[in-house]
Amino acid sequence: MIKEIPNGVYPTMITPYTSDNRIDYAAVEALLHWYASHGANGIFAICQSSEIFFLSFEERFALLRFIMRHKPAGMTVVASGHTADDPTQQIEEAKAFINEGIDAYVFIANRFARADEGDDVFLRRYEAAAAALPEIALGVYECPYPYKRVMAPETLRACAQNGRLQFLKDTCCRMDLIRAKLDAVADTPLKIFNANAALLLESLQAGCAGYSGVMANFHPELYAWLCAHYRSDPETAALVQAFLGFASVAECQCYPVNAKYYLDLCGVKMGWTSRARDAAEFGESRRREIEQMHVVTEALKNRLGI
């Protein structure tokens, strides 16, 4: 059965590690409950923020199985893990994930065509993969690694017309293109979730369904507030947007190490270890920046009453 994906905030879930570089499942469980208690409507699991290109399939599968067995009741889970190049392997790994009971399986756009291949190649491979999978909601993620393949509006429409495509994690960072995509899929069930914090308010006003991005690992409750109140309280929404857009420069600092540090400040105990980034890059000045962002976040939450 194809489930409608609720609107709102979908953090790109990070992967905590123990001191010996294994997945820290105690921290994973604590993080799931922190997301749920801080305004997230669901999670985007096994994504680039989860460091999937640095996890074996066995690790990705074990992590997803743990998430599904320990997530809070009612939490929507969309998941990817779509890293393989071989089409047969892509399908088999997707089936394994789907069998764990996720609500939508999310394809990574750049896995269906090389940078020098056209959208005809993408569509052919997308349609073949979708046809081979059980009847479940599907998604597409414009993942920046190893290269960013942004969906053209007409290609997105072709994917969405059969009704299975429910979720797009949009990383184009351009309002003109977001509007074109929204227009292209207006009569389909596809929902667009913006990953760009600086454009979030404008994209919500244009018709996006919510936020799915890096910064929901820092202050998801502020994103949830904005998604819920941007129409009813536009003046405050503009202030919240200004803070979220400026704070999102943390994406360029030392992510996901800085997110793990921030979450530790919030009481979700975990180390800073990352397979994607060297934690040694996260020096004293950068730690102070994250600590100060935490202070301002708490002040803004107090003003909003959350």
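The values are calculated or read from the model by the stated rules, or taken from the named source; none is laboratory data. Please read all numbers here as calculations on a predicted model, not as lab measurements. Here the Cβ is made from the backbone with ideal geometry for all residues, glycine too, and neighbour counts use every protein chain on show.
Within the range 268-276, does at least one residue satisfy the condition of being modelled with pLDDT of 95 or more, surrounded by fewer than 23 Cβ atoms within 10 Å (Cβ to Cβ) and basic (Lys, Arg)?
yes
Looking at the structure I just gave you, is GLU51 over 19 Å from the mean Cα position of the chain (by Cα), farther than 18 Å from ASP264 by Cα and among the acidic types (Asp, Glu)?
In short, no.
If you scan the range 215-235, which residues turn out to be surrounded by 22 or more Cβ atoms within 10 Å (Cβ to Cβ) and either acidic (Asp, Glu) or within 20 Å of GLU291 (Cα to Cα) (or both)?
MET215, ALA216, ASN217, PHE218, HIS219, PRO220, LEU222, TYR223
Could you list all residues from the range 173-197 that are surrounded by 18 or more Cβ atoms within 10 Å (Cβ to Cβ) and under 16 Å from GLY245 (Cβ atoms)?
ILE178, ASN194, ALA195, ASN196, ALA197
Of these, ALA247, ALA209, ALA238, which one is surrounded by 22 or more Cβ atoms within 10 Å (Cβ to Cβ), among the hydrophobic types (A, V, I, L, M, F, W, C) and either in contact (Cβ under 8 Å) with a residue 24 or more places away in the chain or out of contact with any Cys (no Cβ under 8 Å at 6 or more places or on another chain) (or both)?
That would be ALA209, the only listed residue that is surrounded by 22 or more Cβ atoms within 10 Å (Cβ to Cβ), among the hydrophobic types (A, V, I, L, M, F, W, C) and either in contact (Cβ under 8 Å) with a residue 24 or more places away in the chain or out of contact with any Cys (no Cβ under 8 Å at 6 or more places or on another chain) (or both).
Could you please find all residues in the range 55-78 being in contact (Cβ under 8 Å) with a residue 40 or more places away in the chain and out of contact with any helix residue (DSSP H, G or I) (no Cβ under 8 Å at 6 or more places or on another chain)?
THR76, VAL78
Which of the residues belonging to the range 274-299 are in a loop (DSSP other than H, G, I, E, B) and out of contact with any helix residue (DSSP H, G or I) (no Cβ under 6 Å at 6 or more places or on another chain)?
ASP278, GLY283
For the subset of the range 72-113 comprising residues that are outside any strand (DSSP E or B), of a type in the set (Val, Ile, Thr) and closer than 20 Å to LYS191 by Cβ, which member is farthest from the chain's Cα centre (by Cα)?
ILE98
For the range 1-28, how many residues are in a helix (DSSP H, G or I), of a type outside the set (Phe, Trp, Tyr) and surrounded by fewer than 16 Cβ atoms within 10 Å (Cβ to Cβ)?
1
Within the group GLU59, GLU4, GLU29, which residue is modelled with pLDDT of 95 or more, within 24 Å of GLU142 (Cα to Cα) and of a type in the set (D, E, K, R)?
None of the other options fit; the residue is GLU59.
Restricting to the range 278-306, name every residue that is of a type in the set (Ser, Thr, Tyr) and under 15 Å from ASP264 (Cβ atoms).
Scanning the range 278-306 gives a single hit, THR297.
Just checking, how many residues over the range 250-273 are in a helix (DSSP H, G or I), touching a helix residue (DSSP H, G or I) at 6+ places or on another chain (Cβ under 9 Å) and of a type outside the set (D, E, K, R)?
Residues that pass the stated criteria total 10.
Among the listed residues LEU168, LEU204, identify the single one that is among the hydrophobic types (A, V, I, L, M, F, W, C), surrounded by fewer than 24 Cβ atoms within 10 Å (Cβ to Cβ) and touching a residue at least 12 places away in the same chain (Cβ under 8 Å).
LEU204
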